[in-house]
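Following: one structure in structure tokens, then a few remarks.
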Amino acid sequence: MGVLNVTPDSFSDGGRHEGLDGALAHAERMIAAGADVLDIGGESTRPGAEPTPEAVEMARVLPLIAALRPRTEIPISIDTRRPAVARAAVATGATMWNDISGLAGDPESLETAAALGVPVVIMHMRGEPRTMQRAPRYDDVVGEVGAWLTGQAEAAMAAGVRRDRIWLDPGLGFGKSIGHNLALLASLDRLVGLGFPVLLGASRKGMIRAIDRAATEPMDRLGGSLALALAGARAGCAMVRVHDVRETVQALKVTQAIETARLAHA
């Protein structure tokens, strides 16, 4: 899943793809590099971010989706926590809904997900972007995140969302310390074992800086991003959400080739 933020303030690529022509060009580069899905977002949800007005979010994402749809057949995901934006995006050509609030951010979210009938990503977030990184606490982060994701998946199915259209995302960095993130990464197999495809979004995140203090800028975190993507793949995650598509595709291909050779000679 290639990340395409059309925002002025996203933590990694804010302002880089605001104009329609620039965003289209970047989308086409990611497709050529091997992206299987494009994830388009019009609201920054970095730690400390203020909410974006709904009309502004729509004005950022809808023209891009409309322009992209006739150019490519790959799935387009709308990254939003607002049901109205999700509805408008799907009507314009999006085919997936990636919700950082896990369908819990709005009373209409569950009903909207069922009505749209597209695959939906339920992500775990403790709190909301403005405050989520202010001393997050868990007694058992893996157990609590897994239980919450399972509960939201069950609520979605009860609302009418088909089971085979539900994805789960542990939400690294969304209301979690570096220790919480590492615990979740070390136990991804438990989350995969919940029975739903898992999406892992770890690309360029601040946890890499916490491990490597020299990686002060998001663009300096390619090595850590690849390590996290490979960890997700080894644990059985069905998809990784990344900024550096070509490099990640190459890393995954090489890893798969090694695994194929290992099995052939076992």
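The values are calculated or read from the model by the stated rules, or taken from the named source; none is laboratory data. No experiment lies behind these values; they were computed from the predicted model shown. Glycine also receives a Cβ, built like all others from the backbone with ideal geometry; neighbour counts cover every protein chain displayed. Quick note on the areas: whole protein, heavy atoms, side chains included, nothing else; ligands and nucleic acids left out. Shrake-Rupley method; radii C 1.70, N 1.55, O 1.52, S 1.80 Å.
Quick test of your reading of the structure: Glu43 fulfils all but one of (1) in contact with a helix residue (DSSP H, G or I) (Cβ under 7 Å, 6 or more places away or on another chain); (2) without any contact (Cβ under 8 Å) to a residue 40 or more places away in the chain; (3) in a loop (DSSP other than H, G, I, E, B); (4) more than 30 Å from Arg134 (Cβ to Cβ). Name the failing condition by number.
Condition not satisfied by Glu43: (4).
Which residues, taken from the range 58-109, are of a type in the set (S, T, N, Q), assigned to a helix (DSSP H, G or I) and under 25 Å from Trp148 (Cβ atoms)? Give the derivation first.
Pass one, the range 58-109, residues of a type in the set (S, T, N, Q): 72, 77, 80, 92, 95, 98, 101, 109.
Within this subset, residues satisfying the condition of being assigned to a helix (DSSP H, G or I) are 92, 109.
Ser109 - this is the single residue of the range 58-109 that is of a type in the set (S, T, N, Q), assigned to a helix (DSSP H, G or I) and under 25 Å from Trp148 (Cβ atoms).
Would you pick out the residues in the range 239-265 that are farther than 16 Å from Arg29 by Cα and of a type in the set (Val, Ile, Thr)?
At the first step, the residues of the range 239-265 found to be farther than 16 Å from Arg29 by Cα are 239-240, 251-265.
Val240, Val254, Thr255, Ile258, Thr260 - these are the residues of the range 239-265 that are farther than 16 Å from Arg29 by Cα and of a type in the set (Val, Ile, Thr).
Restricting attention to the range 111-118, does a residue exist that is under 19 Å from Glu54 (Cβ atoms) and part of a strand (DSSP E or B)? Steps first, please.
Filtering the range 111-118 for residues under 19 Å from Glu54 (Cβ atoms) gives 111-113, 115-116.
Narrowing the set further to residues that are part of a strand (DSSP E or B) leaves none.
Taking every residue of the range 111-118 in turn, none turns out to be under 19 Å from Glu54 (Cβ atoms) and part of a strand (DSSP E or B).
If you take the residues of the range 125-140 that are at pLDDT 85 or above and under 19 Å from the mean Cα position of the chain (by Cα), which of them is surrounded by the fewest Cβ atoms within 10 Å (Cβ to Cβ)?
So the first thing to find is which residues in the range 125-140 are at pLDDT 85 or above, and the list is 125-126, 136-140.
Then drop every residue that is not under 19 Å from the mean Cα position of the chain (by Cα), which leaves 125-126.
Values: Met125: 22, Arg126: 19.
It comes out as Arg126.
For the range 138-187, how many residues meet the condition of being in contact (Cβ under 8 Å) with a residue 24 or more places away in the chain and in contact with a Phe, Trp or Tyr (Cβ under 7 Å, 6 or more places away or on another chain)?
Looking only at that region, the number is 5.
Only one residue in Leu64, Leu68 is in contact with a Leu (Cβ under 8 Å, 6 or more places away or on another chain), touching a residue at least 60 places away in the same chain (Cβ under 8 Å) and surrounded by 20 or more Cβ atoms within 10 Å (Cβ to Cβ). Which one? I'd like the intermediate steps shown before the answer.
Details: Leu68 fails: touching a residue at least 60 places away in the same chain (Cβ under 8 Å).
On inspection, the qualifying residue turns out to be Leu64.
Name, by its number, the condition in (1) open to solvent by 40 Å² or more (accessible area, probe 1.4 Å); (2) touching a residue at least 12 places away in the same chain (Cβ under 8 Å) that does not hold for Ala261.
For Ala261, the exception is condition (2).
Being among the charged types (D, E, K, R), surrounded by fewer than 23 Cβ atoms within 10 Å (Cβ to Cβ) and either within 15 Å of the chain's Cα centre (by Cα) or under 22 Å from Thr95 (Cα atoms) (or both) is the filter here, so list the residues in the range 160-204 that pass it.
Filtering the range 160-204 down to residues among the charged types (D, E, K, R) leaves 162-165, 169, 176, 189-190, 204.
Subsequent filtering for residues that are surrounded by fewer than 23 Cβ atoms within 10 Å (Cβ to Cβ) retains 162-165, 189-190.
Hits for the range 160-204 are Arg162, Arg163, Asp164, Arg165.
For the range 189-237, enumerate the residues that are touching a residue at least 60 places away in the same chain (Cβ under 8 Å), more than 20 Å from Asp79 (Cα to Cα) and not in a helix (DSSP H, G or I).
The answer is none; no residue qualifies.
Thr150 is checked against (1) in a loop (DSSP other than H, G, I, E, B); (2) open to solvent by 30 Å² or more (accessible area, probe 1.4 Å); (3) of a type in the set (S, T, N, Q) and fails just one. What number does that condition carry?
With (1) in a loop (DSSP other than H, G, I, E, B); (2) open to solvent by 30 Å² or more (accessible area, probe 1.4 Å); (3) of a type in the set (S, T, N, Q) applied to Thr150, the lone miss is (1).
Hey, Gly34 hits all of (1) farther than 19 Å from Ala66 by Cβ; (2) modelled with pLDDT under 90; (3) in contact with a helix residue (DSSP H, G or I) (Cβ under 7 Å, 6 or more places away or on another chain) but one; which does it fall short on?
The failed condition is (2).
So if I check each of Pro47, Pro83, which one is of a type outside the set (Val, Ile, Thr) and surrounded by fewer than 19 Cβ atoms within 10 Å (Cβ to Cβ)? Don't jump to the end; show me each part of the working.
Numbers: Pro83 fails: surrounded by fewer than 19 Cβ atoms within 10 Å (Cβ to Cβ).
Matching residue, one of Pro47, Pro83: Pro47.
On the basis of being at pLDDT 95 or above, under 30 Å from Ala91 (Cβ atoms) and not aromatic (Phe, Trp, Tyr), does Ala115 make the cut?
Values: at pLDDT 95 or above: yes; under 30 Å from Ala91 (Cβ atoms): yes; not aromatic (Phe, Trp, Tyr): yes.
Here the answer is yes, as Ala115 does meet what is asked.
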